[in-house]
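The structure appears right after this line, and notes come after that.
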Amino acid sequence: MSAYKNYAVQYGRPVDDAIEDRYGETDGLVRQDNAVIDHMLMHRTIRRYTSDPVAEGDFRTAIAAAQSAATSSNLQSWSVVRISDPAHKREVNQLCGNQRQIEDAPLMLVWLADQSRNYAIGEAYDTPREAFDYFETMMLGTIDACIAAQNAALAFEALGYGTCFIGAVRNNAEALSTLLQLPERCVPVTGLVVGRPHPAHDTDIKPRLSQGIVVHHEVYRVAAGEEISAYDRIMSRFQEKQGMAAHGWSSAVAARLGTRSALHGRDRYMDYLRAAAMGYR
Ligand SMILES: Cc1cc2nc3c(=O)[nH]c(=O)nc-3n(C[C@H](O)[C@H](O)[C@H](O)COP(=O)(O)O)c2cc1C
């Protein structure tokens, strides 16, 4: 059963109610009768999985979806490491905050901004390779990797899998690079764990900021405090429904971005990038 149907069945709601859940209120948004859009609107991160493996054909389909994403100048500056051996996944998890969802999921993917392939091509052509010294070039690979990963996530969800992105692959990027035997100019950007959603632990659609806060017409408009407070109230209701502490959203933002220690090692990521890519400018 797909995650898409799960939602409709478990909560007994028509699919297009997802858009209402996304904003925690009805705000007159136009519903489109479109399966792709419905599917995107129903996304929620899944952190509990059954032990069912990811089928080979499904994996290859999801990678084809990832490779179908747009890619800057068709440079295809990304790669992905597929980790399904439980002992290897455990080692990876030790560097990624020992997260239960990594332990639980049958598959973990580590998405890489990868300029190593293109650098080797430059070497083969004996070109100067100046652009590789600039952060922009690794940023380009990062953007490509994220777009590809999101396409894969949507494809996995469409095939009935649940996913959880893992930013914690950047916690100990240097050690993870060694473990995964990454070459120079090839760095972890995000992880993605994949598995069949555990039927006893489905999650609701998490509300987002209102469109009025994130969309700016012609020029930027700073959101008023009350607009943020309104979202805090929506998030508190969501958290209560989920049986979580109802602290809203903005206090979590302040805590997450408040201290260096909350970065869990990612404060060293830029130094790692400079070393892994031989000195960015
Ligand atoms: C790049 C990225 C990294 C993330 N890293 C983690 C992670 O390490 N652990 C985790 O449990 N969730 C992680 N998440 C999931 C977010 O917490 C989740 O997407 C967010 O709370 C919104 O919830 P939703 O996806 O269910 O709508 C990550 C998401 C993204 C996009």
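For beta carbons closer than 6 Å, sequence separation of 6+ or different chains, a first residue in region 202-220 that is within 17 Å of D21 (Cα to Cα) and at pLDDT below 95 and a second that is within 12 Å of the ligand (Cβ to nearest atom) and among the acidic types (D, E), the qualifying pairs are I205/D21.
Just so you know, in region 232-281 the residues that are of a type in the set (F, W, Y) and within 28 Å of T142 (Cβ to Cβ) include one that is modelled with the lowest pLDDT, and it is Y280. On the stretch given as region 54-74, residues that are under 18 Å from V189 (Cα atoms) and touching a helix residue (DSSP H, G or I) at 6+ places or on another chain (Cβ under 6 Å) total 4. When restricted to residues that are more than 11 Å from the ligand (Cβ to nearest atom) and under 18 Å from Y49 (Cβ atoms), region 174-201 contains 8. If the condition is being surrounded by 15 or more Cβ atoms within 10 Å (Cβ to Cβ), within 16 Å of the ligand (Cβ to nearest atom) and free of Cβ contacts under 8 Å to residues at least 24 places away in the same chain, then region 88-138 contributes K89, N93. The residue that is modelled with the lowest pLDDT, among those in region 8-51 that are within 16 Å of the ligand (Cβ to nearest atom) and assigned to a loop (DSSP other than H, G, I, E, B), is G24.
The values are calculated or read from the model by the stated rules, or taken from the named source; none is laboratory data. All figures in this text were calculated on a predicted structure; none of them were measured in a lab. Using ideal geometry, Cβ is built from the backbone for each residue, glycine included, and neighbour counts are taken over all protein chains shown.
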